[in-house]
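Reviewing the structure listed below.
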């Protein structure tokens, strides 16, 4: 059952960042999920895998959470000492897992080609090939009006790029002019550049550090190497 009518849904950039971060952490750090307000704020403000980089306060995140909960896109768990938050995106919007993954990556990283999306979604969901990514994107683009209308748009090809990029529509219509130039994080052929790969490696290293720290805490040993 879809709880939110996407036709009347227009998220603010902060609400989209909060929602996308919850979607990401649910898949990449399940042991730490749902998230506390502070953990969610840190995830929203992280420097890697974010476009644009934001500097949100707890008040910014809390306000966005209130609005997202009113839209049934986020739920609060108050059973513990600290309130924790989890997303309800797939049920709230009414899309399958694969479509939710693609929308989440577009929310967090901005417009991307199908090839970039397949690469960037590996920690969320492993698509068989680029064609399957394109298939789900086309379904989101051709979404009927009775289901809320399109949730993504295929942008015009940027100068010097081989592939067209896709953008989400959860924050309203996209100004294609601002994406007319190839992003600095992409090569001239539209493929991820070294900067993108470095950011991905940094995110993976950060996750490994968090896992090691958690294991050391559970074993009662120091995480500092002698």
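So here's what we get for this one:
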{"quantity": "One residue from 68, 56, 22 being in a loop (DSSP other than H, G, I, E, B), surrounded by 15 or more Cβ atoms within 10 Å (Cβ to Cβ) and modelled with pLDDT of 95 or more", "calculated": "56"}
{"quantity": "Among residues of the stretch 144-160, those that are out of contact with any helix residue (DSSP H, G or I) (no Cβ under 6 Å at 6 or more places or on another chain) and touching a residue at least 40 places away in the same chain (Cβ under 8 Å), counted", "calculated": "2"}
{"quantity": "Considering residues of the stretch 1-19 that are modelled with pLDDT of 60 or more and within 21 Å of residue 34 (Cβ to Cβ) only, the residue surrounded by the fewest Cβ atoms within 10 Å (Cβ to Cβ)", "calculated": "14"}
{"quantity": "Unmet criterion (only one of (1) more than 19 Å from the chain's Cα centre (by Cα); (2) free of Cβ contacts under 8 Å to residues at least 40 places away in the same chain) for residue 82", "calculated": "(2)"}
{"quantity": "Residue within the stretch 212-221 that is more than 20 Å from the chain's Cα centre (by Cα), assigned to a loop (DSSP other than H, G, I, E, B) and modelled with pLDDT of 70 or more present", "calculated": "yes"}
{"quantity": "Within the stretch 35-50, tally of residues that are part of a loop (DSSP other than H, G, I, E, B) and surrounded by 15 or more Cβ atoms within 10 Å (Cβ to Cβ)", "calculated": "4"}
{"quantity": "Neighbours by Cβ (under 7 Å, 6+ apart or cross-chain): first from the stretch 93-122, in contact (Cβ under 8 Å) with a residue 12 or more places away in the chain and on the phi > 0 side of the Ramachandran plot; second surrounded by 22 or more Cβ atoms within 10 Å (Cβ to Cβ) and assigned to a helix (DSSP H, G or I)", "calculated": "none"}
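Every residue, every condition in (1) surrounded by 22 or more Cβ atoms within 10 Å (Cβ to Cβ); (2) touching a helix residue (DSSP H, G or I) at 6+ places or on another chain (Cβ under 8 Å); (3) in a loop (DSSP other than H, G, I, E, B), yes or no:
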| site | (1), (2), (3) |
| --- | --- |
| 86 | no, yes, no |
| 93 | yes, yes, no |
| 102 | yes, yes, no |
| 115 | no, yes, no |
| 126 | no, no, yes |
| 133 | yes, yes, no |
| 138 | no, no, no |
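The values are calculated or read from the model by the stated rules, or taken from the named source; none is laboratory data. What you are looking at is a predicted structure, and each value in this text was computed from that prediction instead of being measured. Here the Cβ is made from the backbone with ideal geometry for all residues, glycine too, and neighbour counts use every protein chain on show.
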